[in-house]
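These notes concern the structure reproduced below.
The values are calculated or read from the model by the stated rules, or taken from the named source; none is laboratory data. All of these numbers come straight from a predicted model, not from anything done at the bench. Cβ: placed from backbone, ideal geometry, glycine included. Neighbour counts: every protein chain shown. Protein only, heavy atoms only, side chains kept; ligands, DNA and RNA dropped before computing areas. Shrake-Rupley method; radii C 1.70, N 1.55, O 1.52, S 1.80 Å.
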Number of protein chains: 2
Amino acid sequence: MKSNEIKEAALKYFTIHGYEGASLSQIAEEVGMRKQSIYAHFKGKDDLFLNVLRDAKETELTSKLQYFSKVDAENPEKDLYGFLQLIVDLFQKNEHVKFWLRMSFFPPAHLEKAITEEVVDIEEKVQVILEEKFQAWIDDGLIIKEEVITPTFAFLGVVDSIMLELVYGNDQKRLNDKIAASWTVFWRGVSHK
Amino acid sequence: MKSNEIKEAALKYFTIHGYEGASLSQIAEEVGMRKQSIYAHFKGKDDLFLNVLRDAKETELTSKLQYFSKVDAENPEKDLYGFLQLIVDLFQKNEHVKFWLRMSFFPPAHLEKAITEEVVDIEEKVQVILEEKFQAWIDDGLIIKEEVITPTFAFLGVVDSIMLELVYGNDQKRLNDKIAASWTVFWRGVSHK
DNA sequence: ATATAACTGACGAACGTTCGTTAAAAATTA
DNA sequence: TAATTTTTAACGAACGTTCGTCAGTTATAT
(Lines give C-alpha, C1' and ligand atoms only; values in the text may rest on other atoms or scores of the structure.)
Protein backbone atom coordinates (compact mmCIF):
# COMPACT_ATOMS: atom_id res chain seq x y z
CA MET A 1 0.00 0.00 0.00
CA LYS A 2 1.33 3.41 -1.07
CA SER A 3 -0.35 5.11 1.90
CA ASN A 4 2.00 3.31 4.22
CA GLU A 5 5.02 4.43 2.25
CA ILE A 6 3.84 8.00 2.57
CA LYS A 7 3.30 7.60 6.29
CA GLU A 8 6.75 6.09 6.65
CA ALA A 9 8.40 9.00 4.90
CA ALA A 10 6.25 11.46 6.82
CA LEU A 11 7.25 9.82 10.09
CA LYS A 12 10.89 10.29 9.19
CA TYR A 13 10.59 13.96 8.32
CA PHE A 14 8.25 14.84 11.18
CA THR A 15 10.70 13.23 13.57
CA ILE A 16 13.75 15.02 12.24
CA HIS A 17 12.30 18.43 11.42
CA GLY A 18 9.12 18.65 13.46
CA TYR A 19 5.68 19.40 12.09
CA GLU A 20 6.45 22.87 10.76
CA GLY A 21 9.86 21.91 9.43
CA ALA A 22 8.65 18.91 7.45
CA SER A 23 7.43 19.71 3.95
CA LEU A 24 5.05 17.66 1.84
CA SER A 25 7.30 17.96 -1.20
CA GLN A 26 10.21 16.36 0.65
CA ILE A 27 7.96 13.59 1.88
CA ALA A 28 6.57 13.01 -1.60
CA GLU A 29 10.03 13.00 -3.13
CA GLU A 30 11.13 10.33 -0.66
CA VAL A 31 8.26 8.15 -1.85
CA GLY A 32 8.85 9.00 -5.50
CA MET A 33 5.81 11.07 -6.31
CA ARG A 34 4.61 14.68 -6.49
CA LYS A 35 3.37 16.35 -3.37
CA GLN A 36 -0.08 16.87 -4.87
CA SER A 37 -0.47 13.09 -5.13
CA ILE A 38 -0.46 12.83 -1.37
CA TYR A 39 -3.92 14.33 -1.46
CA ALA A 40 -5.22 11.15 -3.09
CA HIS A 41 -4.42 9.41 0.22
CA PHE A 42 -4.80 12.08 2.88
CA LYS A 43 -6.95 15.16 3.23
CA GLY A 44 -3.94 17.33 3.95
CA LYS A 45 -0.90 17.79 6.15
CA ASP A 46 -2.84 17.64 9.40
CA ASP A 47 -4.62 14.46 8.36
CA LEU A 48 -1.33 12.83 7.41
CA PHE A 49 0.22 13.91 10.68
CA LEU A 50 -2.64 12.61 12.80
CA ASN A 51 -2.50 9.26 11.02
CA VAL A 52 1.20 8.98 11.75
CA LEU A 53 0.49 9.99 15.33
CA ARG A 54 -2.07 7.23 15.76
CA ASP A 55 0.31 4.65 14.33
CA ALA A 56 3.01 5.81 16.70
CA LYS A 57 0.62 5.62 19.61
CA GLU A 58 -0.38 2.09 18.74
CA THR A 59 3.23 0.96 18.45
CA GLU A 60 4.05 2.56 21.75
CA LEU A 61 1.01 1.30 23.61
CA THR A 62 0.77 -2.27 22.37
CA SER A 63 4.50 -2.84 22.86
CA LYS A 64 4.35 -1.75 26.46
CA LEU A 65 1.10 -3.48 27.35
CA GLN A 66 2.20 -6.66 25.63
CA TYR A 67 5.43 -6.72 27.58
CA PHE A 68 3.71 -6.63 30.94
CA SER A 69 1.03 -9.09 29.91
CA LYS A 70 3.48 -11.85 29.08
CA VAL A 71 5.84 -11.26 31.94
CA ASP A 72 5.56 -13.67 34.84
CA ALA A 73 5.50 -10.85 37.37
CA GLU A 74 7.26 -12.78 40.07
CA ASN A 75 10.65 -11.21 39.65
CA PRO A 76 10.50 -7.41 39.75
CA GLU A 77 14.22 -7.00 39.21
CA LYS A 78 14.08 -8.93 35.96
CA ASP A 79 10.74 -7.51 34.87
CA LEU A 80 11.59 -3.87 35.44
CA TYR A 81 15.07 -4.02 33.98
CA GLY A 82 13.60 -5.90 31.02
CA PHE A 83 11.20 -3.03 30.52
CA LEU A 84 14.11 -0.61 30.28
CA GLN A 85 15.67 -2.84 27.68
CA LEU A 86 12.38 -2.88 25.81
CA ILE A 87 12.38 0.91 25.68
CA VAL A 88 15.91 0.94 24.26
CA ASP A 89 15.08 -1.75 21.71
CA LEU A 90 11.87 -0.05 20.64
CA PHE A 91 13.66 3.23 20.22
CA GLN A 92 16.41 1.79 18.11
CA LYS A 93 14.20 -0.50 16.05
CA ASN A 94 11.65 1.96 14.77
CA GLU A 95 11.30 5.69 14.42
CA HIS A 96 7.89 5.77 16.09
CA VAL A 97 9.15 6.24 19.62
CA LYS A 98 11.32 9.24 18.83
CA PHE A 99 8.45 10.78 16.90
CA TRP A 100 6.15 10.12 19.82
CA LEU A 101 8.54 11.66 22.30
CA ARG A 102 9.07 14.79 20.24
CA MET A 103 5.37 15.37 19.71
CA SER A 104 4.49 14.59 23.33
CA PHE A 105 6.65 17.37 24.62
CA PHE A 106 6.81 19.82 21.75
CA PRO A 107 3.59 19.44 19.79
CA PRO A 108 2.61 21.75 16.94
CA ALA A 109 0.56 24.43 18.66
CA HIS A 110 -2.62 24.05 16.64
CA LEU A 111 -2.78 20.28 17.30
CA GLU A 112 -1.77 20.37 20.93
CA LYS A 113 -5.16 19.37 22.29
CA ALA A 114 -5.51 16.30 20.07
CA ILE A 115 -1.97 15.20 20.84
CA THR A 116 -2.19 15.71 24.58
CA GLU A 117 -5.33 13.60 24.63
CA GLU A 118 -3.52 10.62 23.12
CA VAL A 119 -0.46 11.11 25.30
CA VAL A 120 -2.45 11.23 28.50
CA ASP A 121 -4.33 8.12 27.44
CA ILE A 122 -1.15 6.07 27.13
CA GLU A 123 0.37 7.55 30.25
CA GLU A 124 -2.60 6.64 32.40
CA LYS A 125 -2.77 3.09 31.09
CA VAL A 126 0.91 2.41 31.69
CA GLN A 127 0.75 4.00 35.11
CA VAL A 128 -2.20 1.85 36.13
CA ILE A 129 -0.43 -1.35 35.12
CA LEU A 130 2.79 -0.34 36.84
CA GLU A 131 0.92 0.50 40.04
CA GLU A 132 -0.76 -2.90 40.03
CA LYS A 133 2.58 -4.65 39.59
CA PHE A 134 4.30 -2.63 42.28
CA GLN A 135 1.41 -3.14 44.69
CA ALA A 136 1.66 -6.89 44.19
CA TRP A 137 5.43 -6.82 44.69
CA ILE A 138 5.03 -4.74 47.82
CA ASP A 139 2.46 -7.17 49.16
CA ASP A 140 4.84 -10.04 48.43
CA GLY A 141 7.61 -8.24 50.32
CA LEU A 142 9.81 -7.89 47.25
CA ILE A 143 9.69 -4.10 47.23
CA ILE A 144 10.00 -1.73 50.16
CA LYS A 145 6.67 -1.13 51.83
CA GLU A 146 5.51 2.43 51.11
CA GLU A 147 2.96 4.31 49.06
CA VAL A 148 2.79 2.57 45.69
CA ILE A 149 3.06 5.89 43.89
CA THR A 150 6.64 6.29 45.06
CA PRO A 151 8.32 3.37 43.28
CA THR A 152 5.95 3.82 40.33
CA PHE A 153 6.81 7.45 39.69
CA ALA A 154 10.47 6.85 40.43
CA PHE A 155 10.55 4.11 37.82
CA LEU A 156 8.71 6.25 35.29
CA GLY A 157 11.36 8.86 35.97
CA VAL A 158 14.09 6.38 35.13
CA VAL A 159 12.28 5.54 31.91
CA ASP A 160 12.01 9.22 31.01
CA SER A 161 15.66 9.92 31.67
CA ILE A 162 16.70 6.99 29.49
CA MET A 163 14.44 8.16 26.70
CA LEU A 164 16.04 11.59 26.85
CA GLU A 165 19.46 9.99 26.61
CA LEU A 166 18.25 7.98 23.63
CA VAL A 167 17.08 11.10 21.86
CA TYR A 168 20.35 12.80 22.60
CA GLY A 169 21.95 9.63 21.48
CA ASN A 170 25.37 10.17 19.93
CA ASP A 171 27.21 8.21 22.58
CA GLN A 172 26.48 4.52 23.05
CA LYS A 173 28.83 4.12 25.99
CA ARG A 174 27.35 7.07 27.83
CA LEU A 175 23.89 5.62 27.27
CA ASN A 176 24.86 2.28 28.75
CA ASP A 177 26.57 3.93 31.69
CA LYS A 178 23.53 6.07 32.40
CA ILE A 179 21.19 3.11 32.23
CA ALA A 180 23.43 1.11 34.54
CA ALA A 181 23.74 3.97 37.02
CA SER A 182 20.05 4.86 37.10
CA TRP A 183 19.03 1.25 37.38
CA THR A 184 21.53 0.42 40.14
CA VAL A 185 20.48 3.33 42.28
CA PHE A 186 16.79 2.86 41.59
CA TRP A 187 16.85 -0.80 42.44
CA ARG A 188 18.80 -0.23 45.61
CA GLY A 189 16.27 2.45 46.50
CA VAL A 190 13.17 0.32 46.17
CA SER A 191 14.30 -3.18 47.09
CA HIS A 192 15.19 -4.71 50.40
CA LYS A 193 18.81 -5.37 51.10
CA MET B 1 18.01 48.32 24.25
CA LYS B 2 15.66 47.23 21.48
CA SER B 3 17.85 44.24 20.63
CA ASN B 4 16.99 42.69 23.96
CA GLU B 5 13.29 43.10 23.35
CA ILE B 6 13.67 41.32 20.05
CA LYS B 7 15.62 38.51 21.68
CA GLU B 8 12.98 38.21 24.36
CA ALA B 9 10.19 37.85 21.84
CA ALA B 10 12.27 35.50 19.74
CA LEU B 11 12.95 33.34 22.79
CA LYS B 12 9.24 33.07 23.38
CA TYR B 13 8.37 32.04 19.84
CA PHE B 14 11.33 29.74 19.37
CA THR B 15 10.37 27.99 22.60
CA ILE B 16 6.72 27.56 21.68
CA HIS B 17 6.96 26.86 17.96
CA GLY B 18 10.54 25.75 17.40
CA TYR B 19 12.97 27.29 14.96
CA GLU B 20 11.02 26.49 11.81
CA GLY B 21 7.66 27.34 13.35
CA ALA B 22 8.69 30.76 14.60
CA SER B 23 8.34 33.57 12.07
CA LEU B 24 10.17 36.87 12.07
CA SER B 25 6.96 38.78 11.44
CA GLN B 26 5.36 37.37 14.58
CA ILE B 27 8.46 38.19 16.59
CA ALA B 28 8.57 41.71 15.19
CA GLU B 29 4.89 42.23 15.85
CA GLU B 30 5.39 41.26 19.49
CA VAL B 31 8.03 43.99 19.79
CA GLY B 32 5.96 46.47 17.85
CA MET B 33 7.92 46.75 14.65
CA ARG B 34 8.07 45.33 11.14
CA LYS B 35 10.10 42.23 10.45
CA GLN B 36 12.49 44.16 8.18
CA SER B 37 13.60 46.22 11.17
CA ILE B 38 15.01 43.14 12.82
CA TYR B 39 17.76 43.23 10.23
CA ALA B 40 19.04 46.45 11.78
CA HIS B 41 19.94 44.40 14.86
CA PHE B 42 20.70 40.93 13.54
CA LYS B 43 22.06 39.56 10.32
CA GLY B 44 19.13 37.22 9.88
CA LYS B 45 17.08 34.50 11.51
CA ASP B 46 20.08 32.28 12.20
CA ASP B 47 22.00 35.11 13.80
CA LEU B 48 19.04 36.00 16.02
CA PHE B 49 18.61 32.37 16.98
CA LEU B 50 22.26 31.87 17.87
CA ASN B 51 22.23 34.99 20.02
CA VAL B 52 19.23 33.70 21.92
CA LEU B 53 20.97 30.35 22.24
CA ARG B 54 24.05 31.90 23.78
CA ASP B 55 21.95 33.86 26.27
CA ALA B 56 20.13 30.72 27.23
CA LYS B 57 23.39 28.87 27.66
CA GLU B 58 24.76 31.56 29.93
CA THR B 59 21.65 31.57 32.10
CA GLU B 60 21.76 27.81 32.36
CA LEU B 61 25.47 27.54 33.05
CA THR B 62 26.03 30.40 35.48
CA SER B 63 22.97 29.45 37.52
CA LYS B 64 24.18 25.91 37.97
CA LEU B 65 27.83 26.72 38.59
CA GLN B 66 26.91 29.49 41.00
CA TYR B 67 24.72 27.16 43.00
CA PHE B 68 27.46 24.67 43.62
CA SER B 69 30.06 27.34 44.32
CA LYS B 70 28.16 28.87 47.21
CA VAL B 71 26.93 25.63 48.71
CA ASP B 72 28.79 24.43 51.79
CA ALA B 73 29.11 20.93 50.39
CA GLU B 74 28.92 19.24 53.75
CA ASN B 75 25.36 18.06 53.50
CA PRO B 76 24.71 16.14 50.29
CA GLU B 77 21.05 15.59 51.08
CA LYS B 78 20.41 19.31 51.38
CA ASP B 79 22.73 20.25 48.51
CA LEU B 80 21.36 17.80 45.98
CA TYR B 81 17.72 18.34 46.80
CA GLY B 82 18.39 22.07 46.67
CA PHE B 83 19.75 21.60 43.18
CA LEU B 84 16.50 19.98 42.10
CA GLN B 85 14.62 22.93 43.53
CA LEU B 86 16.93 25.24 41.62
CA ILE B 87 16.03 23.50 38.37
CA VAL B 88 12.34 23.89 39.06
CA ASP B 89 12.76 27.55 40.02
CA LEU B 90 14.88 28.32 37.00
CA PHE B 91 12.38 26.68 34.74
CA GLN B 92 9.44 28.56 36.10
CA LYS B 93 11.20 31.91 36.42
CA ASN B 94 12.47 32.33 32.89
CA GLU B 95 11.83 30.87 29.50
CA HIS B 96 15.51 30.17 28.81
CA VAL B 97 15.54 26.69 30.28
CA LYS B 98 12.63 25.41 28.24
CA PHE B 99 14.16 26.89 25.12
CA TRP B 100 17.46 25.27 25.98
CA LEU B 101 15.87 21.90 26.56
CA ARG B 102 13.93 21.97 23.31
CA MET B 103 16.95 22.94 21.25
CA SER B 104 19.25 20.48 23.01
CA PHE B 105 17.15 17.55 21.98
CA PHE B 106 15.40 18.71 18.83
CA PRO B 107 17.70 21.23 17.19
CA PRO B 108 17.01 22.72 13.77
CA ALA B 109 18.90 20.42 11.43
CA HIS B 110 21.12 23.01 9.78
CA LEU B 111 22.34 24.33 13.15
CA GLU B 112 22.73 21.02 14.89
CA LYS B 113 26.52 21.11 15.03
CA ALA B 114 26.72 24.57 16.59
CA ILE B 115 24.05 23.69 19.13
CA THR B 116 25.51 20.33 20.11
CA GLU B 117 28.83 22.03 20.77
CA GLU B 118 27.30 24.35 23.33
CA VAL B 119 25.22 21.61 24.91
CA VAL B 120 28.19 19.29 25.35
CA ASP B 121 30.18 22.13 26.87
CA ILE B 122 27.64 22.71 29.65
CA GLU B 123 27.08 19.03 30.19
CA GLU B 124 30.74 18.31 30.73
CA LYS B 125 31.22 21.18 33.13
CA VAL B 126 28.26 20.21 35.28
CA GLN B 127 29.32 16.58 35.25
CA VAL B 128 32.84 17.43 36.39
CA ILE B 129 31.56 19.45 39.34
CA LEU B 130 29.07 16.81 40.35
CA GLU B 131 31.74 14.11 40.24
CA GLU B 132 34.00 16.17 42.48
CA LYS B 133 31.22 16.66 44.99
CA PHE B 134 30.19 13.01 44.99
CA GLN B 135 33.79 11.88 45.34
CA ALA B 136 34.20 14.08 48.40
CA TRP B 137 30.97 12.81 49.90
CA ILE B 138 32.01 9.23 49.24
CA ASP B 139 35.36 9.85 50.88
CA ASP B 140 33.55 11.34 53.87
CA GLY B 141 31.35 8.27 54.11
CA LEU B 142 28.18 10.21 53.40
CA ILE B 143 27.43 8.40 50.16
CA ILE B 144 27.69 4.68 49.43
CA LYS B 145 31.18 3.71 48.38
CA GLU B 146 31.20 2.82 44.68
CA GLU B 147 32.33 4.20 41.34
CA VAL B 148 31.64 7.91 41.41
CA ILE B 149 30.01 7.74 38.00
CA THR B 150 27.10 5.77 39.43
CA PRO B 151 25.59 8.33 41.80
CA THR B 152 26.56 11.13 39.38
CA PHE B 153 24.73 9.69 36.38
CA ALA B 154 21.83 8.56 38.52
CA PHE B 155 21.42 12.08 39.83
CA LEU B 156 21.68 13.56 36.35
CA GLY B 157 18.96 11.12 35.38
CA VAL B 158 16.72 12.46 38.12
CA VAL B 159 17.37 15.98 36.89
CA ASP B 160 16.48 14.99 33.34
CA SER B 161 13.27 13.29 34.34
CA ILE B 162 12.19 16.34 36.32
CA MET B 163 12.97 18.61 33.41
CA LEU B 164 10.80 16.46 31.16
CA GLU B 165 7.97 16.69 33.65
CA LEU B 166 8.43 20.45 33.73
CA VAL B 167 8.16 20.66 29.97
CA TYR B 168 5.10 18.48 30.02
CA GLY B 169 3.93 20.62 32.85
CA ASN B 170 0.17 20.94 33.01
CA ASP B 171 -0.11 19.29 36.38
CA GLN B 172 1.53 20.84 39.40
CA LYS B 173 0.55 18.04 41.77
CA ARG B 174 1.92 15.38 39.48
CA LEU B 175 5.18 17.32 39.21
CA ASN B 176 5.56 17.50 42.97
CA ASP B 177 4.72 13.82 43.36
CA LYS B 178 7.26 12.85 40.75
CA ILE B 179 9.97 14.97 42.31
CA ALA B 180 9.21 13.51 45.72
CA ALA B 181 9.21 9.95 44.42
CA SER B 182 12.39 10.25 42.35
CA TRP B 183 14.20 12.01 45.13
CA THR B 184 13.12 9.55 47.83
CA VAL B 185 14.21 6.54 45.85
CA PHE B 186 17.40 8.16 44.64
CA TRP B 187 18.47 9.24 48.07
CA ARG B 188 17.73 5.85 49.56
CA GLY B 189 19.75 4.33 46.75
CA VAL B 190 22.92 6.34 47.28
CA SER B 191 22.98 7.03 51.02
CA HIS B 192 23.72 4.83 53.94
CA LYS B 193 20.86 3.85 56.16
C1' DA C 1 -16.08 0.75 -17.66
C1' DT C 2 -15.51 2.29 -13.30
C1' DA C 3 -12.48 3.41 -9.62
C1' DT C 4 -8.17 4.54 -7.96
C1' DA C 5 -4.00 6.94 -8.07
C1' DA C 6 -0.89 9.25 -10.29
C1' DC C 7 0.04 13.47 -12.99
C1' DT C 8 0.30 18.81 -14.63
C1' DG C 9 -0.77 23.37 -13.70
C1' DA C 10 -1.98 26.91 -10.98
C1' DC C 11 -3.48 29.32 -6.63
C1' DG C 12 -2.96 32.67 -2.66
C1' DA C 13 -0.31 33.10 1.28
C1' DA C 14 3.64 33.26 3.89
C1' DC C 15 8.45 32.84 4.30
C1' DG C 16 13.34 35.09 4.90
C1' DT C 17 15.80 38.55 2.75
C1' DT C 18 17.47 42.81 0.21
C1' DC C 19 16.92 47.44 -1.30
C1' DG C 20 16.49 52.34 -1.05
C1' DT C 21 14.63 55.89 1.85
C1' DT C 22 13.53 58.71 5.86
C1' DA C 23 13.82 60.78 10.28
C1' DA C 24 16.00 61.27 14.46
C1' DA C 25 20.13 60.95 17.45
C1' DA C 26 25.11 61.26 18.10
C1' DA C 27 29.47 62.73 16.88
C1' DT C 28 32.40 65.89 14.66
C1' DT C 29 33.84 70.16 13.00
C1' DA C 30 33.90 75.22 12.49
C1' DT D 1 27.50 77.39 20.42
C1' DA D 2 26.14 76.45 15.81
C1' DA D 3 26.60 73.93 11.65
C1' DT D 4 27.73 69.79 9.60
C1' DT D 5 28.41 65.03 9.05
C1' DT D 6 27.84 60.31 10.43
C1' DT D 7 25.33 56.71 12.58
C1' DT D 8 21.38 54.37 14.04
C1' DA D 9 16.90 52.43 13.66
C1' DA D 10 12.94 52.26 11.69
C1' DC D 11 10.11 51.98 7.32
C1' DG D 12 7.47 50.43 2.69
C1' DA D 13 8.07 47.88 -1.38
C1' DA D 14 9.49 44.21 -3.59
C1' DC D 15 12.43 39.99 -4.40
C1' DG D 16 12.56 34.96 -5.25
C1' DT D 17 11.17 30.83 -3.07
C1' DT D 18 8.51 27.62 -0.79
C1' DC D 19 4.47 26.43 1.44
C1' DG D 20 -0.13 23.75 1.56
C1' DT D 21 -4.01 23.19 -1.30
C1' DC D 22 -7.35 22.63 -5.17
C1' DA D 23 -9.00 21.57 -9.94
C1' DG D 24 -8.74 19.16 -13.99
C1' DT D 25 -6.54 15.44 -16.72
C1' DT D 26 -4.28 11.13 -17.82
C1' DA D 27 -2.77 6.48 -16.80
C1' DT D 28 -3.43 2.15 -14.37
C1' DA D 29 -5.89 -1.63 -12.62
C1' DT D 30 -10.00 -4.25 -11.27
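Given chain A, report the % of alpha carbon pairs whose separation exceeds 29 Å. Summing the P(r) of chain A above 29 Å gives 32 percent of all pairs.
Applying a threshold of 22 Å to the alpha-carbon distances of A:7/A:45; A:98/A:133; B:12/B:93; B:7/B:35; B:45/B:125; A:12/B:178 flags A:98/A:133; B:45/B:125; A:12/B:178 as lying beyond it.
Adding -39500 (n - 2.57) for every DSSP H run of four residues or longer, then dividing by how many residues chain B holds, sets the calculated 222 nm ellipticity at -26000 deg cm²/dmol.
Loop-located GluC sites (Glu not before Pro) in the range B:1-98 (DSSP state not H, G, I, E or B) with no more than 12 neighbouring Cβ atoms inside 10 Å: B:74. Chain A residue nearest the axis that carries A onto B, by Cβ, with distance in whole Å, is A:189, 2. For the range B:50-108, state which trypsin sites (Lys or Arg not before Pro) are in a DSSP loop and have at most 11 other beta carbons lying within 10 Å of their beta carbon. Taking the range B:50-108 and a limit of 11 other Cβ atoms within 10 Å, the loop trypsin sites (Lys or Arg not before Pro) found are B:70.
Among B:39, B:13, the order of accessible area from largest down is B:39, B:13, computed with a 1.4 Å probe on protein heavy atoms. Just to confirm the number: angle between the C-alpha axis of helix A:149-168 and the first principal axis of chain A, 0 to 90 degrees, nearest 10? Tilt relative to chain A: about 40 degrees.
What distance in nm lies between label points placed 7 Å from Cα along the C-beta direction at residue A:180 and residue B:93? Result for the modelled spin labels: 3.7 nm.
Taking amide H as placed 1.01 Å from N in the peptide plane, residue B:143 has its amide H under 5 Å from the amide H of B:138, each at least 5 places away in sequence or on another chain. Distance between the 7 Å Cα→Cβ label points at residue A:65 and residue A:79: 1.8 nm. For the range A:38-120, rounded, prolate or oblate, judged on the Cα gyration tensor with a ≥ b ≥ c (square roots of eigenvalues), a/c < 1.5 rounded, else prolate if a/b > b/c? Prolate is the answer for the range A:38-120, as a/c is 1.5 or above and a/b outweighs b/c.
Annotation: the range B:110-154 has a Kirkwood hydrodynamic radius of 11.8 angstrom, from the mean reciprocal C-alpha pair distance. Across the identical copies, the 7 Å label point of residue A:44, projected outward along Cα→Cβ, sits 3.0 nm from its counterparts, in ascending order. For residue A:136, the point set 7 Å out from Cα toward Cβ sits 4.7 nm from its twins in the other copies, listed from shortest up.
For the range B:102-193, what does the equivalent ellipsoid look like in terms of its semi-axes, each the square root of 5 times an eigenvalue of the Cα gyration tensor, given largest first in whole Å?
On the way: eigenvalues 155, 89, 10 Å².
After scaling each eigenvalue by five and taking roots: 28, 21, 7 Å.
Distances between equivalent label points of residue A:176 across the copies, with each point positioned 7 Å along Cα→Cβ, amount to 4.2 nm, shortest listed first.
When nucleic acids and ligands are ignored and a 1.4 Å probe is applied, residue B:17 ends up with an accessible area of around 40 Å².
Here r is the Cβ-Cβ distance between residue B:25 and residue B:145 and R0 is 51 Å; the resulting FRET efficiency, rounded to 0.05, is 0.30.
Taking Cα atoms only, the orientation of helix B:2-21 departs from the longest principal axis of chain B by about 80 degrees.
Evaluating kT/(6 pi eta Rh) at 10 °C and 1.306 mPa s, with the Kirkwood radius of the protein assembly as shown over Cα pairs in the Stokes-Einstein relation, gives 71 µm² s⁻¹. When only Cα pairs below 8 angstrom with a gap of at least 6 residues are kept, the range A:1-159 shows a relative contact order of 22 percent.
Placing a pseudo-label 7 Å from each Cα along the Cα-to-Cβ vector at residue B:120 and residue B:46 gives an inter-label distance of 2.0 nm.
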